[in-house]
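The values are calculated or read from the model by the stated rules, or taken from the named source; none is laboratory data. All figures in this text were calculated on a predicted structure; none of them were measured in a lab. Ideal geometry is used to build each Cβ from the backbone, glycine not excepted, and the neighbour counts take in all protein chains shown. For the accessible areas, the whole protein counts, side chains as well, though only heavy atoms, and no ligand, DNA or RNA atoms are used. Shrake-Rupley method; radii C 1.70, N 1.55, O 1.52, S 1.80 Å.
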Amino acid sequence: MASFSIKFLAPSLPNPTRFSKSSIVKLNATPPQTVAAAGPPEVAAERLEPRVEEKDGYWILKEQFRQGINPQEKVKIEKEPMKLFMENGIEELAKIPIEEIDQSKLTKDDIDVRLKWLGLFHRRKNQYGRFMMRLKLPNGVTTSAQTRYLASVIRKYGEEGCADITTRQNWQIRGVVLPDVPEILKGLEEVGLTSLQSGMDNVRNPVGNPLAGIDPEEIVDTRPYTNLLSQFITGNSRGNPAVSNLPRKWNPCVVGSHDLYEHPHINDLAYMPAIKDGRFGFNLLVGGFFSAKRCDEAIPLDAWVPADDVVPVCKAILEAFRDLGFRGNRQKCRMMWLIDELGVEGFRAEVVKRMPQQELERASPEDLVQKQWERRDYLGVHPQKQEGYSFIGLHIPVGRVQADDMDDLARLADEYGSGELRLTVEQNIIIPNIENSKIDALLKEPILSKFSPDPPILMKGLVACTGNQFCGQAIIETKARSLKITEEVQRQVSLTRPVRMHWTGCPNTCAQVQVADIGFMGCLTRDKDKKTVEGADVFLGGRIGSDSHLGEVYKKAVPCDELVPLIVDLLIKNFGAVPREREETED
Ligand code: SRM
Ligand code: SF4
């Protein structure tokens, strides 16, 4: 398959769009209804009045649309969150003792809500006074210097500090205390990182092919596009308030591999490589999302953009969402709800209005992603498209690392590769650009017994969200439990193919249980003695790749202590597992 290169475009910086104020309607506090099956909905012209306006460089909800809005919208109105970064409000906030901060609603909301615009999440419930810091890491690409810097930050926090690789191929670091934040923000800038606009009603990390630029089978190198998107979204790490007051979170990805490592079907915007009239570009999928109340796969927008329009179309879609999206019940604010309300064509028309030339081509039939493609395992050593070089995929159990681990991984990247590391949505790490002559020595490195290129087969596909160790929304513990249960299951059965098991601590499904072969979603339940215990709803049948399909509940509310026999049974009946005892007798 041919590869395509693109020009590296200067990021298109925020360009405020102004709208007529002629027709004014009140925000309907009743959430929009799902109309998917009912044909194109009738949408009154006044419904298309933008609900936000620009004031002093920030976008705020217009007075007339403030009825029935959710509490998070009120927090945004009370004080613009981006000011903490753009007007250096963080410097002052960081000087106030946390006890004092907690005494005023305004400053309490600053640390619990508004700081998420700077990527800082106060772990009030489970790690009071400490913050998780979420980075932006387009395409999951990072450097050894960045990794060492992040390690240096968490090392300072001793047992309170650690880091996680996230399900959006990103870093999160933990243990951060408020007085250190201004200095950490400077440190991030020095190593070329940003944490800006990574939480709350912002665009999340742009996901791309973890093998971009090194994969002999790649369709297109996704890195330039994910970089451009991130530069646009964060205003080159200086902040972009034009897209920081969305009605809700928003997830983008750019697909570059037939393997669909990027999970296009569960992103709000997925760029699918496609040729049109000999030009390279992308068909667009929109609206994929998971939430506690509703999960939906992305649908075609019936639109194709040339490669040069990746940023303009992202901007147009974000502006349509920002201007028109519902801001009432938080469970009904994701972009798919707006698409439902306007109909795909209606939504598309709003995007077209916001394109620079008010034009958007129809989708191309020449989709470049091969439908019949067996998803490849990136763990282990694999040849790159660059002759004489290989990459190695290392398994990072449930994505958790400590400072020393990060330093060691950075050292491997420097000594054996080109100083680059890549993070994957399965919470693993890839080290690219290793000269083939160095592979043997690399495979003897002691840290590979912890972060194995060839982990036990069931560990390969294990993913777990943060869970109740740190996450205030968690119902159950996930990371340690998922490892323990998987180890136990492995002792009981053997398998010849990996089974992707995902654990998520609550219905928000950050670990995407619906895409897993077997998923576990935390809940509370009762055991045989009627005692309340941690449990899980078990999901089955998620598929990824071109025949993607969301898994469904197989069994509800299973006590965690009863999961091992259930998993063993599922593996035997559905995934060809063989009980170890029988295997031993047969030998
Ligand atoms: Fe998530 C909220 C962790 C990927 C759906 N997610 C949270 C919070 C911020 C809740 C909180 O304040 O504690 C969690 C932080 C816990 C912590 O201390 O780490 C959290 N989400 C994560 C991460 C770290 C899970 C992981 O272990 O990897 C992932 C960070 C990705 C990143 O780098 O940005 C993460 N979250 C996801 C995904 C997966 C994805 O994007 O592919 C989803 C489902 C997909 C989607 O969003 O459509 C996801 N997270 C949610 C939701 C439900 C969203 C909704 O529309 O209702 C929430 C709750 C919310 O936003 O109100 C949530
Ligand atoms: Fe927290 Fe729930 Fe997301 Fe897990 S799924 S990180 S428990 S919000």
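Results, tabulated for the structure shown:
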| quantity | calculated |
| --- | --- |
| Heavy-atom accessible surface of the range 115-219: percent carbon and sulfur, 1.4 Å | 49 percent |
| Where N is the number of residues in the range 135-236, Cα Rg divided by 2.2 N^0.38 Å | 1.13 |
| Normalised contact order of the chain, rounded percent, pairs of Cα under 8 Å and 6 or more residues apart | 13 percent |
| Estimated FRET transfer efficiency when R0 is 22 angstrom, pair R66-A45 (beta carbons, to 0.05) | 0.55 |
| FRET efficiency, R279 to Q386 (Cβ-Cβ, R0 30 Å, nearest 0.05) | 0.65 |
| Check: the range 453-587 dipole with +1 on Lys, Arg Cβ and -1 on Asp, Glu Cβ, in debye | 400 debye |
| Volume per residue of the C-alpha convex hull in the range 87-184, rounded to whole Å³ | 110 Å³ |
| Cα→Cβ-extended label distance, 7 Å offset, between F575 and E415, nm | 3.4 nm |
| Positive-pole candidate from I392, H382, V43, dipole of the chain, charges at beta carbon | V43 |
| Student exercise, the range 168-299 dipole from Lys, Arg, Asp, Glu Cβ charges, in Debye to nearest 20 | 480 debye |
| Mean separation of Cα contacts under 8 Å, 6 or more apart, over the residue count of the range 315-382: relative contact order % | 28 percent |
| Cut-off under 5 Å, modelled amide H: who pairs with Y58 long-range | none |
| Debye, to nearest 20: dipole size of the chain, +1 on Lys, Arg Cβ, -1 on Asp, Glu Cβ | 1660 debye |
| Accessible solvent surface per residue of the chain, calculated while the other protein chains remain in place, 1.4 angstrom probe, Å² | 40 Å² |
| The range 228-274, accessible surface, carbon-and-sulfur percent (1.4 angstrom probe) | 39 percent |
| Convex hull volume of the chain per residue (C-alpha atoms, cubic angstrom) | 166 Å³ |
| Pair-distance profile P(r), taking every C-alpha pair of the range 525-587, with 5 angstrom steps and integer % | 4, 14, 18, 18, 16, 13, 11, 5, 1 |
| Relative contact order [Cα under 8 Å, 6+ residues apart], the range 153-260, whole percent | 26 percent |
| Helix-only [θ]222 nm of the chain, DSSP H runs n ≥ 4, -39500 (n - 2.57) each, per residue, nearest 500 | -7500 deg cm²/dmol |
| Label point distance in nm, K438-E487, each placed 7 Å from Cα along Cα→Cβ | 3.2 nm |
| Extension gain from E189 to K95, taking 0.36 nm per residue of separation minus the Cα-Cα distance | 31.8 nm |
| Trypsin sites (Lys or Arg not before Pro) lying in DSSP loop within the range 349-457, provided at most 10 other Cβ fall within 10 Å | K371, K444 |
| Accessible surface of the range 372-431, 1.4 Å probe, proportion on carbon and sulfur as whole % | 46 percent |
